[in-house]
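See structure below.
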Amino acid sequence: MKRKSIQSLAFDNLTFGFDHSAPLFENITMEMPKTRAVWVRSPGGRGKSSFLRLMAGLLSPQSGKYLINGQNVSEMSFEDFLSYRLAMGYGFDMGGLLNNKTLFENLMLPLQYHKIIGEEEAYERVQSVTDMFGMTQSRDYRPFSVSGSQRKLACIVRAFIHWPQVVYLDDPVTGLKEDNVNDLLYFVEEGYATRGLKQIFFSSESPALANKLKADELMISCDWFTTRVAA
């Protein structure tokens with residue numbers, strides 16, 4: 001399936017919360033910043049992961065709309081949303097890796113399942129990226145056999161492996177080695193320049209990461225969102 005280009009992302013009178021709890025976001029209307037990197041923050045740390053999952057289409061609003069290119073995601077068919085989903089990547093901590101497959105095989109899966117590129121090219125891509133991130137020793141092991149740092153790194157790499165336009169990362173650098181953080185920063189810049197990467201939304205407790213990514217700040221709360229452009 002051909003992926004569609006993502007031109008705009010917006011909330012229209014959107015409310016979201018979990019059952020039997022106060023809304024995390026209430027009647028929010030805003031267009032998301034279009035800058036390359038957006039640092040998602042919230043008072044007391046509440047709501048960042050849910051916000052990123054809403055943006056990735058993994059959660060649905062209780063009311064209102066999440067719009068991609070002006071289209072309501074909740075009204076899209078599976079096929080319609082998939083054409084946008086293939087232009088997105090997301091990495092949420094260490095979740096989603098299959099324990100019966102090696103890290104290398106886990107990274108191959110999105111490319112194989114969606115037939116984004118041929119098998120040989122997919123193999124070469126995964127080998128190249130794992131080499132770049134220093135995963136040569138761990139990539140042939142299953143997730144339960146490697147360190148938490150290597151599992152998390154695999155989840156981050158998987159978010160980028162299909163060359164998406166927009167990527168959502170939840171707390172991507174906590175627990176990573178400094179070399180891997182530097183690899184990620186280089187990989188992101190290379191993505192902007194050569195792989196069609198347009199934008200990253202990320203949560204983090206690291207102002208240093210936000211500074212290095214030259215990120216705009218998006219502060220989210222129950223009934224308001226504010227943005228602050230990076231210096």
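The values are calculated or read from the model by the stated rules, or taken from the named source; none is laboratory data. From a predicted model like this one, the values you see are computed outputs, not experimental measurements. Virtual Cβ from ideal backbone geometry, glycine too; neighbours counted across all protein chains shown.
Observations
- Scanning the stretch 25-36 for residues that are surrounded by fewer than 21 Cβ atoms within 10 Å (Cβ to Cβ) and not β-branched (V, I, T) returns E26, N27, M30, E31, M32, P33, K34, R36.
- Qualifying residue in the stretch 157-167 (condition: in contact (Cβ under 8 Å) with a residue 12 or more places away in the chain and surrounded by fewer than 16 Cβ atoms within 10 Å (Cβ to Cβ)): no
- Within the set L103, L97, the sole residue that is modelled with pLDDT of 95 or more, under 28 Å from S49 (Cα atoms) and not polar (S, T, N, Q) turns out to be L103.
- Breaking point among (1) in contact with a strand residue (DSSP E or B) (Cβ under 7 Å, 6 or more places away or on another chain); (2) closer than 30 Å to H114 by Cα; (3) not in a strand (DSSP E or B), for P23: (2)
- Residue within the stretch 11-19 that is in contact (Cβ under 8 Å) with a residue 60 or more places away in the chain and either in a helix (DSSP H, G or I) or on the phi > 0 side of the Ramachandran plot (or both) present: no
- Qualifying residue in the stretch 59-71 (condition: surrounded by 17 or more Cβ atoms within 10 Å (Cβ to Cβ) and of a type in the set (F, W, Y)): yes
- Any hit, the stretch 112-129, residues being more than 24 Å from L86 (Cα to Cα), part of a helix (DSSP H, G or I) and not aliphatic (A, V, I, L, M): no
- Within the stretch 63-99, the set of residues being farther than 20 Å from V40 by Cβ and part of a loop (DSSP other than H, G, I, E, B) comprises N69, G70, M76, S77, L86, L97, L98, N99.
- Residue selected from the stretch 37-62 under the condition assigned to a loop (DSSP other than H, G, I, E, B) and in contact with a strand residue (DSSP E or B) (Cβ under 6 Å, 6 or more places away or on another chain), by the criterion farthest from A210 (Cα to Cα): Q62
- Residues within the stretch 142-156 that are over 24 Å from G57 (Cα atoms), out of contact with any Gly (no Cβ under 8 Å at 6 or more places or on another chain) and in contact (Cβ under 8 Å) with a residue 24 or more places away in the chain, tallied: 5
- All conditions in (1) crowded, with 19+ Cβ neighbours inside 10 Å; (2) at pLDDT 95 or above hold for E120, with the sole exception of (1).
- Helices (runs of 4 or more DSSP H) completely within the stretch 136-231 that count 3 or more residues being under 21 Å from K101 (Cβ atoms): 148-160
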